[in-house]
Amino acid sequence: MTGSNSPFTDEAWNVLNARNFVVLGRWSTDGWDRQLVSIPFMVAQVLAFQLGGVGIVQARLVSVVATALTVLAIGWGLRRALGTGPAILGALALGSCALFIYYGRLALLEPSVALWLTLGGLLVLAADGRRAALTGIAAGLCFGAAIGTKPNAAFAVVGLLAAVAVADGWRSAAVRRWVAGALATLLVLGLAWTLLVYLPNRAQVAAVLQSWPTEQLPRTAGELWRRVIGYFFIENDTTLGLAGPLLIGGSAGGLVALATWRQRSPLERRLVAAAGGWAAASFAVLAALPYHPNRYAVPIMPAMAILLAVGAAILVGRLRTALPASGLLLAGFAVAAAVTVPGLLRYQTWIDSSGSTLPGIQARLADAVPPGAVVEGRYAPLFLMRAPVVTLFSVSAWNLNEGDLYRTRGVRWVLTSADDIPSWAEGPEAAAWAARQVVSCAPWGAEPSVCLYRLP
């Protein structure tokens with residue numbers, strides 16, 4: 001939980017509103033209102049801070065728990081449908097995927113999205129019988145939590161529900177009730193958010209949208225093709241390298257399931273359709289859009305683990321008569337080693353090479369600034385997470401905290417690197433900036449030094 005220096009500030013910015021609520025008693029101190037579009041994540045962060053105190057370890061604990069629960073859900077949820085061995089293999093493959101566990105230790109949104117998608121997707125196993133509508137409603141709540149954590153999860157949800165409806169809904173009234181229950185729940189949740197959150201806070205939500213990456217859809221079929229080829233073979237931000245064993249195993253499992261589709265039970269077909277639609281829709285969007293950092297693929301990994309487990313179950317059924325029990329067990333260990341060892345070795349390298357200095361820095365600076373002070377700087381929300389102060393950061397592209405904050409917001413403390421001074425420091429407040437006093441400095445990430453300054 002402390003094995004990353006988080007040099008890019010994203011973690012602190014993600015949890016800033018929850019931290020404000022616990023430390024200052026209000027969600028927002030400026031135009032940063034992520035709590036409006038990430039409600040489940042913010043609630044979880046508030047609970048973590050209330051129970052364990054405010055700090056980076058507590059913030060990361062939300063993702064750590066979400067990651068562990070996702071792996072548990074795969075292993076526990078698939079065991080009856082596919083057998084214990086394939087279910088464990090799927091859980092091991094997910095829990096050792098380098099991409100999945102790298103982000104599973106950071107206070108980012110994707111691990112929570114993965115958990116909610118997994119819980120909702122596994123409920124497709126109960127999409128039959130008289131309670132299909134109720135389990136569909138439960139799945140809709142999980143999908144709503146995923147979208148409420150990060151709205152782009154809607155692509156995965158649409159792909160999953162559409163695939164289930166096409167694969168089995170046309171022949172099963174229970175499956176149709178399950179899909180309808182999920183859709184109705186999503187509609188109610190969306191309407192509730194619109195009435196209770198969006199309409200009273202339209203300006204704040206619009207400001208949040210400005211901080212999201214601007215995406216441009218491909219204008220021609222040729223451009224779409226180039227983007228898809230480029231994503232899968234060139235520009236995927238090392239996604240294929242970090243998740244290679246799981247992606248290969250999941251793709252192979254999906255192909256085996258499709259090749260034997262007529263022999264699969266309705267339950268297996270629903271499971272393959274759900275995971276396949278979830279993964280296909282998500283990857284299609286990532287490939288079609290120009291901005292696709294590798295963390296965006298984290299919520300797809302549970303779907304690939306499900307497909308891997310399905311393929312393993314099919315092969316176990318075929319090999320059970322051809323191999324003795326000992327040979328089948330040996331083959332299972334070999335496959336498990338192939339999908340787990342690469343990711344675990346890479347993860348161990350990260351842990352060995354990274355520091356755990358952030359909790360100490362936060363503790364040292366917690367009392368360095370007087371309560372109620374206003375501190376500016378992109379590292380201020382990170383380093384001063386535990387201090388009862390207002391922390392502001394400026395991003396001109398988002399129209400966030402621009403202008404002379406020394407005068408308009410009473411900034412008398414700045415936490416920044418030497419080459420990233422406030423815009424107003426070279427203008428009307430140059431004299432105040434020249435008279436600054438160094439309070440504390442620390443090396444950080446790629447920065448040689450990040451310092452807390454006090455201004456007159």
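The values are calculated or read from the model by the stated rules, or taken from the named source; none is laboratory data. What you see is a predicted model; the values in this text were computed from it and never measured. Backbone-built Cβ (ideal geometry, glycine too); neighbour counts: all protein chains shown. For accessibility, only protein heavy atoms count, side chains too; no ligands or nucleic acids. Shrake-Rupley method; radii C 1.70, N 1.55, O 1.52, S 1.80 Å.
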Over 21 Å [Cα-Cα, segment 1-150], rounded percent: 49
Per-residue ³J(HN,Hα) for segment 120-136, Karplus 6.51 cos²θ - 1.76 cosθ + 1.60, θ = phi - 60°, Hz, x for Gly and Pro: x, x, 5, 5, 5, 5, 9, 7, 8, x, 6, 9, 4, 5, 5, 5, x
Descending principal axes extents, segment 261-327, alpha-carbon based, whole Å: 49, 27, 14
Cysteines, the chain, no other Cys beta-carbon under 4.7 Å: CYS97, CYS142
Cα gyration tensor shape for segment 330-400, rounded if a/c is under 1.5, else prolate or oblate: prolate
Percentage relative contact order, the chain, counting C-alpha pairs under 8 Å, at least six apart: 20
Rounded accessible area per residue of the chain, 1.4 Å, Å²: 44
Cα-based Rg of segment 89-228 normalised by 2.2 N^0.38 Å, two decimals: 1.23
At 0.890 mPa s and 25 °C, Stokes D of segment 203-313 from Kirkwood alpha-carbon radius, µm² per second: 159
Cα pair distances of segment 325-456 binned at 10 Å [whole percent]: 11, 33, 22, 10, 9, 8, 5, 1
Under the Karplus curve 6.51 cos²θ - 1.76 cosθ + 1.60, θ = phi - 60°, whole-Hz ³J(HN,Hα) for segment 196-203, x wherever Gly or Pro sits: 8, 10, 5, 4, x, 9, 4, 5
Where labels lie 7 Å past Cα in the beta-carbon direction, separation of LEU187 and ILE421 in nm: 5.9
R0 of 35 Å, Cβ-Cβ distance ALA252-GLU223: FRET efficiency to nearest 0.05: 0.70
Vicinal HN-Hα couplings computed from phi for segment 102-113 (Karplus, 6.51 cos²θ - 1.76 cosθ + 1.60; Hz; Gly/Pro x): 4, 7, x, 10, 10, 7, 10, 7, 4, x, 5, 4
Residue-level accessible surface for ARG364, protein heavy atoms, 1.4 Å, Å²: 120
Percent carbon-and-sulfur accessible area, segment 376-456, ignoring ligands, DNA and RNA, probe 1.4 Å: 50
Carbon and sulfur %, accessible surface of segment 189-306 computed with the full protein complex present, 1.4 Å: 68
Computed FRET value (nearest 0.05) for THR214 with GLN50, which takes r as the C-beta separation and R₀ as 41 Å: 0.70
Calculated FRET efficiency for the pair LEU400/ARG264, C-beta based, R₀ 56 Å, to 0.05: 0.65
Dipole magnitude (debye, nearest 20) for the chain, charges at Cβ of Lys, Arg, Asp, Glu: 1660
Prolate/oblate/rounded call for segment 29-105, Cα gyration tensor, a/c under 1.5 rounded: prolate
Relative intensity, log₁₀ I(q)/I(0), of segment 125-164 from a Debye sum that treats every alpha carbon as a point, q = 0.15 Å⁻¹: -0.37
Extension gain from LEU330 to ALA206, taking 0.36 nm per residue of separation minus the Cα-Cα distance: 39.0 nm
Interchain or long-range residues, amide H under 5 Å from THR391's placed H: VAL375
Rg(Cα) / (2.2 N^0.38 Å) computed for the chain, rounded to two decimals: 1.07
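In whole percent, what relative contact order does segment 307-420 give with Cα contacts below 8 Å and a gap of six or more residues? Please report the intermediate quantities before stating the final value.
On the way: 98 pairs, mean separation 21.6, N = 114.
Once normalised by length, the contact order is 19 percent.
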